[in-house]
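Structure, as structure tokens:
The values are calculated or read from the model by the stated rules, or taken from the named source; none is laboratory data. Not measured: the values here are computed from a predicted model. Counting neighbours? That spans all protein chains shown, and the Cβs are built from the backbone with ideal geometry, glycine included. The accessibility values were calculated without ligands, DNA or RNA, using every heavy atom of the protein model including side chains. Shrake-Rupley method; radii C 1.70, N 1.55, O 1.52, S 1.80 Å.
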Amino acid sequence: MILPENYIIEKADQKEVKISFTLKDTLFYLNGHFRSQPLLPGVVQLGLAIHFAKELFCINTVNNMPQAKFTQPIVPEDKVLLTLKLNKEKNNFTFEYFVLNIDKVASSGKVKIND
């Protein structure tokens, strides 16, 4: 997975992590998605959330379709805060992408993990 440039990880505790970054227009995943207004694809948002959760919580995910809701596009130069919360009792983690410069949630959802 190609990660955003210069991301910062803030680990609140063993169950919550925040990752902040500015979406640069040079990120590979923006190429051709879309020409008139590049945006971060939803599948990449899911991929980044899963990547960071696996790495920072030391978990494995279940191969099923995550629940996700996309409400606001993430475009180049947006300042993004990705929050991950682990819930071992429910065997999942939740994610939320918040765009700081417009003060809106861009997407959120949950992903099942292995016991």
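Observations, loosely collected:
The rows are residues; the columns are (1) open to solvent by less than 70 Å² (accessible area, probe 1.4 Å); (2) hydroxyl-bearing (Ser, Thr, Tyr); (3) not in a helix (DSSP H, G or I).
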position	(1), (2), (3)
3	yes, no, yes
11	no, no, yes
21	yes, no, yes
24	no, no, yes
35	no, no, yes
38	yes, no, yes
44	yes, no, no
48	yes, no, no
53	yes, no, no
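- Subset of segment 60-82 [modelled with pLDDT under 95 and either under 13 Å from residue 108 (Cβ atoms) or hydrophobic (A, V, I, L, M, F, W, C) (or both)]: 62, 65, 66, 67
- Of the numbered criteria (1) farther than 19 Å from residue 27 by Cα; (2) in contact with a Leu (Cβ under 9 Å, 6 or more places away or on another chain); (3) open to solvent by 40 Å² or more (accessible area, probe 1.4 Å); (4) part of a loop (DSSP other than H, G, I, E, B), the one residue 96 fails is (4).
- Count of residues meeting criterion [in a loop (DSSP other than H, G, I, E, B) and surrounded by 15 or more Cβ atoms within 10 Å (Cβ to Cβ)] in segment 55-90: 8
- Subset of segment 99-115 (residues that are more than 24 Å from residue 39 (Cβ to Cβ), open to solvent by 20 Å² or more (accessible area, probe 1.4 Å) and part of a strand (DSSP E or B)): 112
- Qualifying positions in segment 54-79 - hydrophobic (A, V, I, L, M, F, W, C) and over 17 Å from residue 2 (Cβ atoms): 56, 57, 58, 59, 62, 65, 68, 70, 75
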